[in-house]
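Trainee: Questions regarding the structure given below will be posed in turn.
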Amino acid sequence: MLQNLKFWSVNKFQIWFYNVKNLPVGTHFYYFLKYRVRFPITTVFDVGANNGSIVLLFTQFFPSAKVVCFEPFSTTYKRLVSNTEHLRNVQTYRVALSDVAESRQVSVLPEDQSVANSLSNRKIEDVAFSGNEETIEVQTIDMFLEAHSEISTIDLLKIDTEGFDLKVLKGAENAMRQKRIRSIYTEVGLSLKNDYHIHLSKMIDFCESFDFVFIGLFAVDIRHSPWDRHFGNAFFIHKSMIDKVVL
């Protein structure tokens, strides 16, 4: 009877009802993390935090978690600080993360396109650089953890660095090898023609070499991008924690 009512509702209103605790993988990342991942999310690294919109969303689901944000571009960093300074568990750093420590001269996109700023100096089609350049301080996650010994474990490493995501992970090889990172949520390309993002297959190969298991894709973007820019966010969990995930 209940099943028939569900089918009638779907056909009538085009709405499918799910309990948020049982949403299919890929439907909503933060509900999945909250209800299907059974280890505590107490420390989060947000690499490429931009203006803090994801931080604000994350703290709604995990209000007691410590979130460490990295955003290297000055104008965007100021907005990040302004948007998060009222949150006592959020720390912000104006630094980029990659696989080497260096100072890097980078061209900057206009403010309304700042979400696409990248160390790669690549631009989105039909979007010109603003003409401004910045010197960006770059370090690695391994260096950062060495300097911040109070951080023993990263429960979630979120990376959104516009094509620099694999370099960020390569700068965390020691932490990955030492099992100090429990899960990774990173932007990936889903088309072999997409040379802007790291292709999912390359990300899986790298993460599997450090015993991370690919769980699924979230926030797949097929609406606002041509097929050669098709991308999404891949979620990985270290195999030592896989028995704490409800799949």
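Trainee: State yes or no: is Glu146 without any contact (Cβ under 8 Å) to a residue 12 or more places away in the chain and either part of a helix (DSSP H, G or I) or within 16 Å of the chain's Cα centre (by Cα) (or both)?
Mentor: Numbers: without any contact (Cβ under 8 Å) to a residue 12 or more places away in the chain: yes; either part of a helix (DSSP H, G or I) or within 16 Å of the chain's Cα centre (by Cα) (or both): yes.
So Glu146 fits the description; yes.
Trainee: Among what's in the stretch 1-50 and is of a type in the set (A, V, I, L, M) and out of contact with any Lys or Arg (no Cβ under 9 Å at 6 or more places or on another chain), pick the residue that is nearest to Ser74 (Cα to Cα). Don't jump to the end; show me each part of the working.
Mentor: If we filter the stretch 1-50 for residues that are of a type in the set (A, V, I, L, M), which is where we start, we get 1-2, 5, 10, 15, 20, 23, 25, 33, 37, 41, 44, 47, 49.
If we keep only those that are out of contact with any Lys or Arg (no Cβ under 9 Å at 6 or more places or on another chain) too, we end up with 1-2, 5, 10, 15, 33.
Values: Met1: 59, Leu2: 55, Leu5: 54, Val10: 48, Ile15: 43, Leu33: 31 Å.
It comes out as Leu33.
Trainee: Of the residues that make up the stretch 48-65, is at least one under 25 Å from Asp142 (Cβ atoms) and β-branched (Val, Ile, Thr)?
Mentor: Yes, that holds for at least one residue.
Trainee: So, one more: Among helices (runs of 4 or more DSSP H) lying entirely in the stretch 1-65, which contain 2 or more residues that are within 26 Å of Thr153 (Cβ to Cβ) and under 14 Å from the mean Cα position of the chain (by Cα)? Break it down stepwise before answering.
Mentor: On the way: elements: 2-13, 29-35, 53-61.
In the stretch 1-65, the matching helices (runs of 4 or more DSSP H) lie at 29-35, 53-61.
Trainee: What single numbered condition from (1) surrounded by fewer than 20 Cβ atoms within 10 Å (Cβ to Cβ); (2) among the acidic types (Asp, Glu); (3) more than 20 Å from Arg94 (Cα to Cα); (4) in contact with a Pro (Cβ under 8 Å, 6 or more places away or on another chain) fails to hold for Asp155?
Mentor: Just one mismatch for Asp155, condition (1).
Trainee: Limited to the stretch 199-232, what total is found for residues that are more than 24 Å from Gln178 (Cα to Cα) and in contact with a helix residue (DSSP H, G or I) (Cβ under 7 Å, 6 or more places away or on another chain)?
Mentor: Total satisfying the criteria: 2.
Trainee: Now for a different question. Residue by residue through the stretch 1-53, note down the ones that are over 24 Å from Ile151 (Cβ atoms), charged (D, E, K, R) and without any contact (Cβ under 8 Å) to a residue 40 or more places away in the chain.
Mentor: If the condition is that a residue be over 24 Å from Ile151 (Cβ atoms), charged (D, E, K, R) and without any contact (Cβ under 8 Å) to a residue 40 or more places away in the chain, then Lys6, Lys12, Lys21 are the ones that fit.
Trainee: Look at the stretch 149-166 and say how many of its residues are in a loop (DSSP other than H, G, I, E, B) and β-branched (Val, Ile, Thr). It would help to see each step written out before you state the result.
Mentor: Quick first cut of the stretch 149-166, residues in a loop (DSSP other than H, G, I, E, B) only: 149-153, 155, 160-164.
Subsequent filtering for residues that are β-branched (Val, Ile, Thr) retains 151, 153, 161.
Final tally of qualifying residues: 3.
Trainee: Take the residues in the stretch 28-58 that are within 25 Å of Phe164 (Cα to Cα) and polar (S, T, N, Q); name whichever of them is modelled with the highest pLDDT.
Mentor: Narrowing the stretch 28-58 to residues within 25 Å of Phe164 (Cα to Cα): 28-30, 33, 41, 43-58.
Next cut, polar (S, T, N, Q) only: 43, 50-51, 53.
Working: Thr43: 98, Asn50: 92, Asn51: 92, Ser53: 92.
Only one residue fits best here, namely Thr43.
Trainee: Only one of Phe164, Phe218, Phe214 is of a type in the set (Phe, Trp, Tyr) and free of Cβ contacts under 8 Å to residues at least 60 places away in the same chain. Can you tell me which? Quick ask: steps written out before the conclusion?
Mentor: Values: Phe164 fails: free of Cβ contacts under 8 Å to residues at least 60 places away in the same chain; Phe218 fails: free of Cβ contacts under 8 Å to residues at least 60 places away in the same chain.
Within the list Phe164, Phe218, Phe214, the selection yields Phe214.
Trainee: Sticking with this structure for a sec: Scan the stretch 66-87 residue by residue and report those that are crowded, with 21+ Cβ neighbours inside 10 Å, aliphatic (A, V, I, L, M) and assigned to a helix (DSSP H, G or I).
Mentor: Leu80, the sole residue that qualifies.
Trainee: For the stretch 189-199, what are the residues that are buried (at least 19 other Cβ atoms within 10 Å of the Cβ) and either over 15 Å from Asp221 (Cβ atoms) or of a type in the set (A, V, I, L, M) (or both)?
Mentor: Leu190, Ile198
Trainee: Every residue in the stretch 168-177 that is under 13 Å from Phe70 (Cβ atoms) and part of a helix (DSSP H, G or I), please.
Mentor: Our first condition is that a residue be under 13 Å from Phe70 (Cβ atoms); within the stretch 168-177, this holds for 168, 171-172.
Result: Val168, single match.
The values are calculated or read from the model by the stated rules, or taken from the named source; none is laboratory data. What you see is a predicted model; the values in this text were computed from it and never measured. When we count neighbours, we look across all protein chains shown, and the Cβ atoms used for this are built from the backbone with ideal geometry, even at glycine.
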